[in-house]
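A.B. asks: Please see the structure below; I have some questions.
The values are calculated or read from the model by the stated rules, or taken from the named source; none is laboratory data. All values derive from a computational prediction rather than experimental measurement. Here the Cβ positions follow ideal geometry from the backbone for every residue, glycine too, while neighbour counts run over all protein chains shown. When the accessible area is computed, the model is the full protein with side chains, heavy atoms only, and any ligands, DNA or RNA have been set aside. Shrake-Rupley method; radii C 1.70, N 1.55, O 1.52, S 1.80 Å.
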Amino acid sequence: MIEMKFLHYAFVLAIISFTVVSPALAQKEMPIATVQGDNNISPVNGERIAVTGIVTARMRTGFFVQSPDEKTDGNPSTSEAIFVFTRTEPDSKAVVGNLVTVAGKVEEFRRNNEPASLTITELVFESIRVISPTNPIPKAVPLTLEDFKPNRVDQLERLEGMRVSIAELAVTSPTDGRVDIKTASAVSNGTFYGVLKGIARPFREAGMDVVEAAMFDESTKGRLKIDFPKMPVFDGNPERLRVESSLQAGASSLDVSSGMLLRGLTGVLHYSYRTNTLLVDPGYRPAVTTAIKPNPMPQTNERQFSVVGMNIENFFDDVDDPAYKEDVVETAAFQNRLKKISLAVRDLLRLPDVIGIVEAESIEGLRQLSKRISVDSIAAGLADPKYEAYLFEGNDGRGIDNAFLVKSSRVKVLEIKQLGKDNKYKNPGTKQDNFLNDRTPLFLRAGIDDPTTGKPFEFAAIVNHMKSYLGYNDPRQMENVRLKKKLQAEYLAKFVQDRQKTNPNEKVILLGDFNSYQFSDGIMDMMGTLVGKPAAKDSLVISSEDLVDPDLINLVDVINPSERYSYTFDGNAQVLDHIIVTENLRKHLRGFGFLRVNADHPESFRNDASRPERFSDHDPAVAYFSLDATPAPNN
């Protein structure tokens, strides 16, 4: 199935590389369905024509017209609507409900920065004439599960620009927004993702994205098939629907959480950001099920301890650091951030013993967070955890670093050090020596007193924040980005292997934001390198040797597949935050999971300091261990 979908996308890319012109139809008025045709590309692409239809929606740069219900061609393979691109605010005659004749040039449009995107058939506006006002707008076509069975990127092409309805939409990625770091606030942009009820939540799966694979294969003349015959291809989850609740003129944002069920959505089906997109009708408010709430993580007992990896996203403080051009947060806003994170640590994470922090600016800011957690805990009638903060300045240009909060009321720090700060590699693009680790890994060796044995239970933890995917597929940057990610994984793998060889009994925990999936993405396999199970060389572009023995355990792999995510991107649930342990910790492992406090909640929740949701865009990863070496229960 994957191969067929991939070949279909390759075919689509091929057919959009040329223009079909039919001079015989030049400057004629034509039915919209004829302009659209029954393929991805208009049969009159590039020609100046005119169409007649009812205005169904207005946007900032254009409007949609659709054939009246009684004027359709009856062919379900041809769209009855088209987007009219005006570049600026549409003409005042383009009022929803007006029957109009619009003239312009047919164009297949796609953004310059999305070369693998399907095109949008649009009419570049020249003139408009009103035939009659206040007409009933065409009936919405119901989207059903049958529409998604082809599982192809262009499966809804036949409905491009048309009004559609959705009986029940399951939200799979919450409403996004624009974040202001200085005020620790967000403004909703009204955009979220969902699938029709009955379709499983979309997850990022193993392999190269089908869009990238199609371009990769074509640009290298079959290299994907010849040199990497075992490379898996990820189909991109074409069942996803992107929902723009505020893009139509007069519409306002819907703020929704993942897991909510929206009933009775109607709007215009557009295509943007390589995804079929529903532009919700203005003034419409669908029936909505109750939003989910984060469930607290289990409480440890006296024979257990918990370790957390937590990306707290741009945790800048309210003091200007002259060494960096960082965002200085307003004091009131910084206090609100402290309150939200404290609430999550205290009430939801249940005051874990060790917290690996990602994206912290300063030790002073972390100490304020520690103090706030103590004050809030005491006020809630809990024992003071007395978190001690540890942070070393790294090489990141924005000044964000890895850090630890260690519960000193129970955990004793035996050693802490920064790793790989001075390590460099040669940038293949600039030929200059660059720092390998921007956010340098931070190593902690700690012990917890065990009255049963009379000696401390010792373990080591390393918090990491690896190179992001930014620039990963950009021809100008990808060679350097990919090399850096590969070398970072190999550096950490070698460090852990040296520890295992020197002391096979040492219990090591790797945690943090690894900016990598738990499987190969077709380009490389960072997590496979780290655990000692790298993907086969003929299944990916950049490979690493097996550097770890005995193999490590990625705890993501031991939980239910439906829970394997810490982040959402473009509507796909995915894991970027991992906890990896050495084999000798298997018999001490008691549980693993993610606190659902951020990734499933709308960005607007960031504005409410009285609730813990959305203090970050990542969910914290939580692992539970026992001081006693007994077999772990089956998961």
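A.B. asks: Hey, among Glu29, Glu47, which residue is acidic (Asp, Glu) and crowded, with 19+ Cβ neighbours inside 10 Å? Talk me through it step by step, then tell me what you get.
C.D. replies: On the way: Glu29 fails: crowded, with 19+ Cβ neighbours inside 10 Å.
Within the list Glu29, Glu47, the selection yields Glu47.
A.B. asks: Which residue is least open to solvent (accessible area, probe 1.4 Å), if the candidates are limited to segment 475-493 and must be farther than 17 Å from Leu442 by Cα and touching a helix residue (DSSP H, G or I) at 6+ places or on another chain (Cβ under 8 Å)?
C.D. replies: The extreme case among them is Lys485.
A.B. asks: Right, another one. Just one of Glu126, Glu122, Glu107 is of a type in the set (Asp, Glu), open to solvent by less than 10 Å² (accessible area, probe 1.4 Å) and more than 29 Å from Gly259 (Cα to Cα); which is it? Before the answer, list the steps.
C.D. replies: Numbers: Glu126 fails: open to solvent by less than 10 Å² (accessible area, probe 1.4 Å); Glu107 fails: open to solvent by less than 10 Å² (accessible area, probe 1.4 Å).
Sole residue among the options that is of a type in the set (Asp, Glu), open to solvent by less than 10 Å² (accessible area, probe 1.4 Å) and more than 29 Å from Gly259 (Cα to Cα): Glu122.
A.B. asks: I need a count of the residues in segment 347-379 that are part of a helix (DSSP H, G or I), open to solvent by less than 20 Å² (accessible area, probe 1.4 Å) and among the β-branched types (Val, Ile, Thr). Can you show your working first?
C.D. replies: First, pick out the residues of segment 347-379 that are part of a helix (DSSP H, G or I): 347-348, 363-379.
Right, trim to open to solvent by less than 20 Å² (accessible area, probe 1.4 Å) and you get 348, 365-366, 369-370, 373-374, 377.
This time we only want the ones that are among the β-branched types (Val, Ile, Thr), so: 373.
Of the residues in that region, 1 qualify.
A.B. asks: Strands (runs of 3 or more DSSP E) wholly in segment 39-98 with at least 1 residues that are more than 32 Å from the chain's Cα centre (by Cα) - which ones?
C.D. replies: Details: elements: 48-59, 62-66, 81-85.
The qualifying strands (runs of 3 or more DSSP E) are 48-59, 62-66.
A.B. asks: Still on this model: Going through segment 267-287 one residue at a time, which ones are modelled with pLDDT under 95 and under 15 Å from Ala170 (Cα atoms)?
C.D. replies: Correct list: Pro286, Ala287.
A.B. asks: Quick one: is Val413 β-branched (Val, Ile, Thr), over 30 Å from Asn295 (Cα atoms) and open to solvent by 10 Å² or more (accessible area, probe 1.4 Å)? Spell out how you get there, then give the answer.
C.D. replies: Numbers: β-branched (Val, Ile, Thr): yes; over 30 Å from Asn295 (Cα atoms): yes; open to solvent by 10 Å² or more (accessible area, probe 1.4 Å): yes.
Yes: the conditions hold for Val413.
A.B. asks: Across segment 138-158, what is the number of residues that are aliphatic (A, V, I, L, M), surrounded by 20 or more Cβ atoms within 10 Å (Cβ to Cβ) and modelled with pLDDT of 95 or more?
C.D. replies: Going through segment 138-158, the residues aliphatic (A, V, I, L, M) turn out to be 140-141, 143, 145, 153, 156.
Still in the running and surrounded by 20 or more Cβ atoms within 10 Å (Cβ to Cβ): 143, 153, 156.
Adding the requirement that they be modelled with pLDDT of 95 or more leaves 143, 156.
Residues in segment 138-158 being aliphatic (A, V, I, L, M), surrounded by 20 or more Cβ atoms within 10 Å (Cβ to Cβ) and modelled with pLDDT of 95 or more: 2 in total.
Matching residues to (1) on the phi < 0 side of the Ramachandran plot; (2) open to solvent by 30 Å² or more (accessible area, probe 1.4 Å); (3) part of a loop (DSSP other than H, G, I, E, B); (4) touching a strand residue (DSSP E or B) at 6+ places or on another chain (Cβ under 8 Å):
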| position | (1), (2), (3), (4) |
| --- | --- |
| Arg242 | yes, no, no, yes |
| Ala249 | yes, yes, yes, yes |
| Ser252 | yes, yes, yes, no |
| Ser258 | yes, no, yes, yes |
| Gly264 | no, no, no, yes |
| Val268 | yes, no, no, yes |
| Leu278 | yes, no, no, yes |
| Pro296 | yes, yes, yes, no |
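A.B. asks: Need at least 3 residues that are over 22 Å from Lys71 (Cβ atoms) and of a type in the set (A, V, I, L, M) per element, so show me which strands (runs of 3 or more DSSP E) inside segment 108-184 make the cut, counting only ones lying wholly within it.
C.D. replies: Details: elements: 120-132, 163-173, 177-180.
Output list reads 163-173.
A.B. asks: Name the residue that is modelled with the lowest pLDDT, counting only residues in segment 185-234 that are of a type in the set (Val, Ile, Thr) and part of a strand (DSSP E or B). Reasoning before the result, please.
C.D. replies: To start, the set of residues in segment 185-234 that are of a type in the set (Val, Ile, Thr) comprises 187, 191, 195, 199, 210-211, 220, 226, 233.
Pick out the ones that are also part of a strand (DSSP E or B) and you get 187, 191, 195, 233.
Details: Val187: 96, Thr191: 97, Val195: 98, Val233: 92.
Residue satisfying both the conditions and the ranking: Val233.
A.B. asks: Residues to consider are Leu247, Leu261; find the one that is of a type outside the set (Asp, Glu) and out of contact with any Lys or Arg (no Cβ under 7 Å at 6 or more places or on another chain).
C.D. replies: After applying the criteria, what remains is Leu247.
A.B. asks: Also, I was wondering about something else. Restricting to segment 525-538, name every residue that is open to solvent by 10 Å² or more (accessible area, probe 1.4 Å) and either over 25 Å from Phe443 (Cβ atoms) or in a loop (DSSP other than H, G, I, E, B) (or both).
C.D. replies: Start the filter on segment 525-538 by keeping residues that are open to solvent by 10 Å² or more (accessible area, probe 1.4 Å), which leaves 525, 531, 533-538.
Matches in segment 525-538: Asp525, Lys533, Pro534, Ala535, Ala536, Lys537, Asp538.
A.B. asks: Check whether at least one residue in segment 169-177 is farther than 30 Å from Ser520 by Cβ and open to solvent by 10 Å² or more (accessible area, probe 1.4 Å), and report yes or no.
C.D. replies: Keep residues of segment 169-177 that are farther than 30 Å from Ser520 by Cβ, which gives 169, 175, 177.
So of that shortlist, the ones also open to solvent by 10 Å² or more (accessible area, probe 1.4 Å) come out as 177.
Yes, some residue in segment 169-177 is farther than 30 Å from Ser520 by Cβ and open to solvent by 10 Å² or more (accessible area, probe 1.4 Å).
A.B. asks: Please list, ordered by residue number, the strands (runs of 3 or more DSSP E) wholly in segment 565-635 having 3 or more residues that are touching a residue at least 12 places away in the same chain (Cβ under 8 Å) and buried (at least 23 other Cβ atoms within 10 Å of the Cβ). If you could, list the steps in order and put the result at the bottom.
C.D. replies: On the way: elements: 567-569, 572-574, 577-581, 589-594, 621-626.
The strands (runs of 3 or more DSSP E) meeting that bar are 577-581, 621-626.
A.B. asks: On the given criteria, is Glu458 within 24 Å of Tyr624 (Cβ to Cβ), outside any loop (DSSP other than H, G, I, E, B), without any contact (Cβ under 8 Å) to a residue 60 or more places away in the chain and charged (D, E, K, R)? If you could, list the steps in order and put the result at the bottom.
C.D. replies: Working: within 24 Å of Tyr624 (Cβ to Cβ): yes; outside any loop (DSSP other than H, G, I, E, B): yes; without any contact (Cβ under 8 Å) to a residue 60 or more places away in the chain: yes; charged (D, E, K, R): yes.
So Glu458 fits the description; yes.
A.B. asks: Every residue in segment 496-537 that is in contact (Cβ under 8 Å) with a residue 12 or more places away in the chain and of a type in the set (Asp, Glu), please.
C.D. replies: Within segment 496-537, Glu506, Asp513, Asp521, Asp525 qualify.
A.B. asks: Name the residue, out of Phe305, Phe316, that is open to solvent by less than 10 Å² (accessible area, probe 1.4 Å), within 30 Å of Arg398 (Cα to Cα) and hydrophobic (A, V, I, L, M, F, W, C). Explain how you work it out, then say what you get.
C.D. replies: Details: Phe305 fails: within 30 Å of Arg398 (Cα to Cα).
So the residue among Phe305, Phe316 that is open to solvent by less than 10 Å² (accessible area, probe 1.4 Å), within 30 Å of Arg398 (Cα to Cα) and hydrophobic (A, V, I, L, M, F, W, C) is Phe316.
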